[in-house]
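Engineer: First, the structure itself, so that you have it in front of you.
The values are calculated or read from the model by the stated rules, or taken from the named source; none is laboratory data. Only a predicted model underlies this, so the values are computations on that prediction, with no experimental measurement involved. Glycine also receives a Cβ, built like all others from the backbone with ideal geometry; neighbour counts cover every protein chain displayed.
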Amino acid sequence: ETGVTQSPTHLIKTRGQQVTLRCSSQSGHNTVSWYQQALGQGPQFIFQYYREEENGRGNFPPRFSGLQFPNYSSELNVNALELDDSALYLCASRGDYTSDEQYFGPGTRLTVT
Amino acid sequence: QKEVEQDPGPLSVPEGAIVSLNCTYSNSAFQYFMWYRQYSRKGPELLMYTYSSGNKEDGRFTAQVDKSSKYISLFIRDSQPSDSATYLCAMRSSTNAGKSTFGDGTTLTVKP
């Protein structure tokens, strides 16, 4: 086990709704990244937070937003859900933003109907 | 066209076989190369990490990077049924530590 947990495990939402996904990083890890993994594809980088500030973003619209808290937990918020947002959402924590040793959580499976 | 292309598979081999997994890429800025293993219903797990061209060995696993050809490989020797999983290559540039670009994965089945 990586020590990274995510909740909930599964979630079903309706198009247009908003969703909040949660991640608890390894203790002491000040960097968290969020990825979207569609079925049959590799993870796509959404954004990264370092010491509670966003410091990198992939090609995702502003309706994808996040927060990181001092207690090593973080959130991914998605507004105005679209059918294409159905995917596995993964968070990965690292001890420092320069490290490539990132530890993934098991993911949250989001289904948008 | 995707920045990272990975042999799609699926791949099925008998136990004990040597497995070769491959990725090509187009972005010459990529300098850090990773291989992850992902079991069903789990997050990816980092297997190997290499910087620039060359080989790196760790037990039954060897990672190879050829930057001149923009080609990376992962070899698994003496494959075991427990190696059955999806293997993802990933890479990043030196200027963006957070953003790893992944291939779409190759699903490997090792049959006893």
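Engineer: Does B:TYR51 satisfy the condition of being surrounded by fewer than 16 Cβ atoms within 10 Å (Cβ to Cβ) and either within 12 Å of another protein chain (Cβ to nearest Cβ) or free of Cβ contacts under 8 Å to residues at least 24 places away in the same chain (or both)?
Structural biologist: The answer is yes for B:TYR51.
Engineer: Output the residue which, of all residues in the range B:99-112 that are within 20 Å of B:ARG41 (Cβ to Cβ) and β-branched (Val, Ile, Thr), is surrounded by the most Cβ atoms within 10 Å (Cβ to Cβ).
Structural biologist: B:THR106
Engineer: Limited to the range B:34-70, what total is found for residues that are at pLDDT below 95 and in contact with a Cys (Cβ under 8 Å, 6 or more places away or on another chain)?
Structural biologist: 1
Engineer: If you don't mind, another one. So how many residues does the range B:11-28 have that are modelled with pLDDT under 95 and within 14 Å of chain A (Cβ to nearest Cβ)?
Structural biologist: Looking only at that region, the number is 1.
Engineer: If you go through the range B:19-28, how many residues are in a loop (DSSP other than H, G, I, E, B) and either surrounded by 12 or more Cβ atoms within 10 Å (Cβ to Cβ) or touching a helix residue (DSSP H, G or I) at 6+ places or on another chain (Cβ under 7 Å) (or both)?
Structural biologist: Total meeting the criteria: 1.
Engineer: Okay, next question. In the list A:GLU53, A:GLU101, which residue meets the criterion of being among the charged types (D, E, K, R), over 23 Å from B:MET91 (Cα atoms) and surrounded by fewer than 18 Cβ atoms within 10 Å (Cβ to Cβ)?
Structural biologist: Result of the check over A:GLU53, A:GLU101: A:GLU53.
Engineer: Within the range B:29-43, restricting attention to residues that are facing another protein chain (nearest Cβ under 10 Å) and among the hydrophobic types (A, V, I, L, M, F, W, C), which residue is surrounded by the fewest Cβ atoms within 10 Å (Cβ to Cβ)?
Structural biologist: So, considering only residues that are facing another protein chain (nearest Cβ under 10 Å) and among the hydrophobic types (A, V, I, L, M, F, W, C), the one surrounded by the fewest Cβ atoms within 10 Å (Cβ to Cβ) is B:MET34.
Engineer: Name the single residue that is modelled with the highest pLDDT among those in the range A:86-102 being out of contact with any Leu (no Cβ under 8 Å at 6 or more places or on another chain) and not basic (Lys, Arg).
Structural biologist: Among them, the one singled out is A:LEU90.
Here is a yes/no grid of residues against (1) surrounded by 13 or more Cβ atoms within 10 Å (Cβ to Cβ); (2) among the polar types (S, T, N, Q); (3) touching a Leu at 6+ places or on another chain (Cβ under 9 Å); (4) farther than 20 Å from B:GLU45 by Cβ:
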| residue | (1), (2), (3), (4) |
| --- | --- |
| A:SER25 | yes, yes, no, no |
| A:TRP34 | yes, no, yes, no |
| A:PRO43 | yes, no, yes, no |
| A:ARG63 | yes, no, yes, yes |
| A:ALA80 | no, no, no, yes |
| A:ASP84 | no, no, no, yes |
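Engineer: Okay, next question. Can you spot a residue in the range B:51-69 that is over 10 Å from the mean Cα position of the chain (by Cα) and closer than 27 Å to A:TYR89 by Cα?
Structural biologist: So far as the range B:51-69 goes, no, none of its residues is over 10 Å from the mean Cα position of the chain (by Cα) and closer than 27 Å to A:TYR89 by Cα.
Engineer: Of the residues that sit in the range A:37-63 and are part of a loop (DSSP other than H, G, I, E, B) and facing another protein chain (nearest Cβ under 8 Å), which one is nearest to the chain's Cα centre (by Cα)?
Structural biologist: Here is the first cut: in the range A:37-63, the ones part of a loop (DSSP other than H, G, I, E, B) are A:38-43, A:51-52, A:58-63.
So of that shortlist, the ones also facing another protein chain (nearest Cβ under 8 Å) come out as A:40-43, A:58.
Numbers: A:GLY40: 18, A:GLN41: 16, A:GLY42: 14, A:PRO43: 11, A:GLY58: 12 Å.
If we take residues in the range A:37-63 being part of a loop (DSSP other than H, G, I, E, B) and facing another protein chain (nearest Cβ under 8 Å), then A:PRO43 is nearest to the chain's Cα centre (by Cα).
Engineer: Within the range B:57-98, which residues are crowded, with 20+ Cβ neighbours inside 10 Å, without any contact (Cβ under 8 Å) to a residue 60 or more places away in the chain and farther than 22 Å from B:GLU15 by Cα?
Structural biologist: B:VAL65, B:ILE72, B:ALA97, B:GLY98
Engineer: Can you tell me which residue is nearest to A:GLY28 (Cα to Cα) among those in the range A:54-113 that are among the basic types (Lys, Arg) and without any contact (Cβ under 8 Å) to a residue 60 or more places away in the chain?
Structural biologist: Checked the range A:54-113; the qualifying residue nearest to A:GLY28 (Cα to Cα) is A:ARG57.
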